[in-house]
1. Just want the answer: with Cβ charges of +1 for Lys and Arg and -1 for Asp and Glu, which residue in B:PRO266, B:ASN298, B:GLN34 is farthest toward the dipole's positive end in chain B?
2. Would you work out the relative contact order for chain B, in percent, from Cα pairs under 8 angstrom that are 6 or more residues apart?
3. For each of A:ASP115, B:ASP87, count neighbouring Cβ atoms within 10 Å of the residue's Cβ, then give the residues from fewest to most.
4. Under a point spin-label approximation (7 Å from Cα along Cα-to-Cβ), what is the B:GLN91-A:LEU119 distance to one decimal in nm?
5. In what order do A:GLU192, B:GLU214 fall by count of nearby beta-carbon atoms within 10 Å, going from fewest to most?
6. For chain B, report the % of Cα-Cα distances exceeding 34 Å.
7. Report P(r) for region A:150-271: all Cα-Cα distances, bin width 10 Å, range 0 to the bin holding the largest distance, values in whole percent.
8. Between B:ASP318 and B:ARG284, what is 0.36 nm times their sequence separation minus the Cα-Cα distance? Round to one decimal in nm.
Protein chains: 2
Amino acid sequence: MSLAATASEALAKGRARDDVERDAAFLAAVTELQALTKSDLAAVNDEILARMHSPVAMIPELAGHLISAGGKRLRPILTLASAKLFDYAGQDHVKLAAAVELIHGATLLHDDVVDGSALRRGASTANIIWGNKESVLVGDFIFARAFELMVEARDLRVLKALSHASGVIAEGEVLQLTTQKNLAAKFETYIEVVKAKTAALFAAATEVGGLISERSPEEEKAIRAFGLNFGIAYQLIDDVLDYDGFEASLGKTLGDDFREGKMTAPVVFAVARAREDEKSFWRRTIADGDINDGDFENACMLMQRDGAIDDTIACARDYAERALDALRRAPDNKYAEALSNLVITSIARAS
Amino acid sequence: MSLAATASEALAKGRARDDVERDAAFLAAVTELQALTKSDLAAVNDEILARMHSPVAMIPELAGHLISAGGKRLRPILTLASAKLFDYAGQDHVKLAAAVELIHGATLLHDDVVDGSALRRGASTANIIWGNKESVLVGDFIFARAFELMVEARDLRVLKALSHASGVIAEGEVLQLTTQKNLAAKFETYIEVVKAKTAALFAAATEVGGLISERSPEEEKAIRAFGLNFGIAYQLIDDVLDYDGFEASLGKTLGDDFREGKMTAPVVFAVARAREDEKSFWRRTIADGDINDGDFENACMLMQRDGAIDDTIACARDYAERALDALRRAPDNKYAEALSNLVITSIARAS
């Protein structure tokens, strides 16, 4: 048994590291998976670049800026590793992993337009360099190319899973938009947003690896549950890091969610626990978007004081446990071990 | 033989009508096709409404505003009529026609954001009522739902045709954006834009009717060529009407293309034929977007004087002839007759 005796034991072990080690541990886990899927991942990158070709020069330029430059390739790695976990011997996992990354890329382009973001992965966003209109249209192009790619794999169950996930992602983005600046937003709604905008694609990415491997319904369900719960846990930690992370390793500006009035878990918890005289602070900053020097630091202080950060991390650990439990219902091999390690270290990014 | 003896004879006949009759003739041709596909079209509308359902209330609200309210349903009618033209007896044409209309709807939402349009079909656009962010995200949702729908028809050739068309549409929109305000844009580039942003979906809409009917490759090719050439002709006339139409029957503001600096055929022709002292007029208005009272009227006058309008219409008639020629390679029945009439009257909207 290569996995730790229990999921919570493994998560506790990950937590024991110090600040610098934590980030390095997560990156090492990603690197390990990249190494395990090395030649497939190179084929995925080639496929992505080839699909961005267009006689309209702006398309490969803009898409290349987003997609070819950097990114951990977390989602396509999930597809590749899930297929390999099940001993998949074909070649469709490469096309599908590329399609998953392209769906992700298209949503990033549109997200950055919607959020007005200026920085991603340490570089200027496409909407800043090329413009909002261009980002919307190239996002549509990338999304369409993702569909063309997945159609080539000729598997209707896979097509159903990925097209459904794409709709759910957009639904989650709209739901997030309608809860923005709304101090009454509930934790349950936040989890719905996270499930839809992030976890649905993680779930589809891993599920697809199971579907093409033609395993038992139980194993297909297990690998999907792994992806779904890991996705939720991952996003919860991301939302913590927006208040409690290191700007250099995040590759984006700290406090973006705060400035955009996003009702992520740390804010939802902090608002619920605010003292009567502090409520006006959250109203002014989150609801009214009137943010001055020192407000972000004050928000972080209140979140720490009232346990909003700790409770969000605890919630992430809970979903991570579910992910690890699901993974135990799949074969136990080096891919399972690497995926397990990915979950554990991703949670330990915060804590 | 129910079609006129030659395509150009039929087009000349359509041209002979006066102003008021022209618009009424086109609407009558649409109504005729709506009547021929009546129960299928009702099923398409039900399918569309059902697919816009979401627990996120804003989605059916915004999508409903765009999709359920009005629109001629030209593209889904093309799918339905093409299938019936080939005696298709199944039910997949309804799902696919709905998917075609949803792809169109998603692109309209994004177009209106990109163009900053305020009016469509005589009503305020979704970006004006709900906002740009909302329109981008709901557009993504509608696009994803279109894919879910077409996957249900379980036909990989259809999926390939429609996903490819979706990519080409986005490519055309980007190309249009890069030629905007560029006085050096060529007529060939304009035709590329029209083929991609409009005709690709017309072509896929009719092709799909052929594919599901499992006809000979020649007939599949013919019905696709019909849609493609009709699409080009239709867009050319639309671009004429932006300078030479009736605002009331267009349902949008006259001169939108002019104000956006779009290099449509009338502008491309007019700029090429401008006298030396008129070139600064086109530079100021189209390239620099500095538009004053009377400029639009002056642009229209120059277009009439130099034959820019007439030549665009002549070009549309040429593509319409190709569409009618292609249609002659398909069965000759009441659907062919109605489609032929649609082409003829759509060209006669201008002239």
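1. B:GLN34
2. Working: 516 pairs, mean separation 83.7, N = 351.
With pairs under 8 Å counted, the relative contact order is 24 percent.
3. B:ASP87, A:ASP115
4. Rounded to a tenth, the inter-label distance reads 5.5 nm.
5. If I rank by nearby Cβ atoms, fewest first, I get B:GLU214, A:GLU192.
6. For chain B, the fraction of Cα-Cα distances above 34 Å is 23 percent.
7. The distribution over region A:150-271 is 14, 37, 30, 16, 4, given as percents.
8. My answer for the length gained is 9.0 nm.
Every read-out reported here was derived from the displayed coordinates using simple, explicitly stated rules and does not represent laboratory data. Here the structure is a predicted model, which means the values were calculated and not measured. FYI the Cβ positions are ideal-geometry reconstructions off the backbone, even for glycines, and counts take in every protein chain you see.
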